[in-house]
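Novice: Just dropping this structure here.
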Amino acid sequence: MNKKTVFISGATRGIGQAIYQKLKKENYKIIAPTRQELDLSDNTSINRYIEANKNLKVDILINNAGINLPTWIDELTDENINLHAQINLISPIKLIRTFVPNMKKNKWGRIINISSIFGIVARAKQTMYTATKHGLNGVTKALALELGPYNILVNSVCPGFTNTDLVKRNAPEKNALLAKDIPLGRFAEPVEIAELVSFLISEKNTYINGQCITIDGGFTCR
């Protein structure tokens, strides 16, 4: 079987890096632009990159890049609002719009949006993160309906607390308290998220479409 071409954003650390490493071992052809090549916070950079790479033949798109800058609502700045919307929601839509024509032509494609448990539930101080991740899950569902007839499967992966550099910056006491709310008693490892993504983009997945799959050790069951 010829391996497909994967485009992944935000592959330099955390979950994105784990996905990149997993797919590299599986011999996918991977396109993973650096921030210098593609700055998702800057529409000029996005438009320039898309124009220069509009003929890329991408079979699988993984929208992984995202930001989370927790802020109380009465302290929320316009910059915070715009940055979350731009990176977490607008940029994925633009990348999907760019690469879908090739998928439709081939009658085969996979789109994975890396969302969050906070695209399923909510949390104080997370207005913009929660809003944009809920929005991203809405994009997943709408596109599953639109693109299903072309054999393009669109799904969201919604990780819970995961051992990334961002989480490791917390005080150990805080993480210990968070882990107590997880039935498995621990955070996910990035590779566990990567394993799920690997299955969803593979030829083995022929019928999972339009789903927001929570992978959180049971946290949201409470």
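Novice: What do you reckon, is Lys54 out of contact with any Leu (no Cβ under 7 Å at 6 or more places or on another chain) and at pLDDT below 95?
Specialist: Against the criterion (out of contact with any Leu (no Cβ under 7 Å at 6 or more places or on another chain) and at pLDDT below 95), Lys54 qualifies.
Novice: Identify the residue in the range 31-46 that is assigned to a helix (DSSP H, G or I) and either touching a residue at least 24 places away in the same chain (Cβ under 8 Å) or among the basic types (Lys, Arg) (or both) and, among all such residues, is least open to solvent (accessible area, probe 1.4 Å).
Specialist: Step by step, filter the range 31-46, then rank; the result is Ile46.
Novice: Could you please find all residues in the range 143-165 being modelled with pLDDT under 95 and loosely packed, with under 12 Cβ neighbours inside 10 Å?
Specialist: Passing the criteria: only Asp165.
Novice: Let me ask another. Which of the residues that make up the range 184-210 are open to solvent by less than 80 Å² (accessible area, probe 1.4 Å) and over 23 Å from the mean Cα position of the chain (by Cα)?
Specialist: Hit for the range 184-210 is Gly185, nothing else.
Novice: What number of residues in the range 159-183 are outside any helix (DSSP H, G or I) and either under 14 Å from the mean Cα position of the chain (by Cα) or in contact (Cβ under 8 Å) with a residue 60 or more places away in the chain (or both)?
Specialist: Number of matching residues: 4.
Novice: On to the next question. Would it be correct to say that Asn80 is open to solvent by less than 80 Å² (accessible area, probe 1.4 Å), in contact with a Ser or Thr (Cβ under 6 Å, 6 or more places away or on another chain), part of a helix (DSSP H, G or I) and on the phi < 0 side of the Ramachandran plot?
Specialist: Yes; evaluated as a whole, the condition is true for this residue.
Novice: I want to confirm something. Restricting to the range 125-142 and keeping residues that are touching a residue at least 24 places away in the same chain (Cβ under 8 Å) and among the hydrophobic types (A, V, I, L, M, F, W, C), which single residue is most open to solvent (accessible area, probe 1.4 Å)?
Specialist: It comes out as Ala131.
Novice: Is there any pair linking a residue in the range 15-28 that is farther than 14 Å from Ile114 by Cβ and assigned to a loop (DSSP other than H, G, I, E, B) to one that is β-branched (Val, Ile, Thr) and open to solvent by less than 40 Å² (accessible area, probe 1.4 Å), with Cβ under 9 Å and at least six apart or on different chains, and which?
Specialist: From residues that are farther than 14 Å from Ile114 by Cβ and assigned to a loop (DSSP other than H, G, I, E, B), the pairs are Tyr28/Thr5; Tyr28/Val6; Tyr28/Ile60; Tyr28/Ile201.
Novice: Next up: Name the pairs whose Cβ atoms lie under 8 Å apart, with the first residue in the range 196-212 and under 11 Å from Asn155 (Cα atoms), the second of a type in the set (A, V, I, L, M) and in a loop (DSSP other than H, G, I, E, B), and 6 or more positions between them or separate chains?
Specialist: Cβ pairs passing all conditions: Leu200/Ile208; Cys212/Ile120.
Novice: Of everything in the range 6-30 that's open to solvent by less than 10 Å² (accessible area, probe 1.4 Å) and either in contact with a Pro (Cβ under 7 Å, 6 or more places away or on another chain) or among the aliphatic types (A, V, I, L, M) (or both), which residue is nearest to Ile152 (Cα to Cα)?
Specialist: Val6
The values are calculated or read from the model by the stated rules, or taken from the named source; none is laboratory data. Given the structure is predicted, the values throughout are model-derived calculations rather than measurements. Here Cβ is always computed from backbone atoms with ideal geometry, including for glycine, and neighbour counts include all displayed protein chains. Surface accessibility is based on the protein's heavy atoms, side chains included, excluding ligands, DNA and RNA. Shrake-Rupley method; radii C 1.70, N 1.55, O 1.52, S 1.80 Å.
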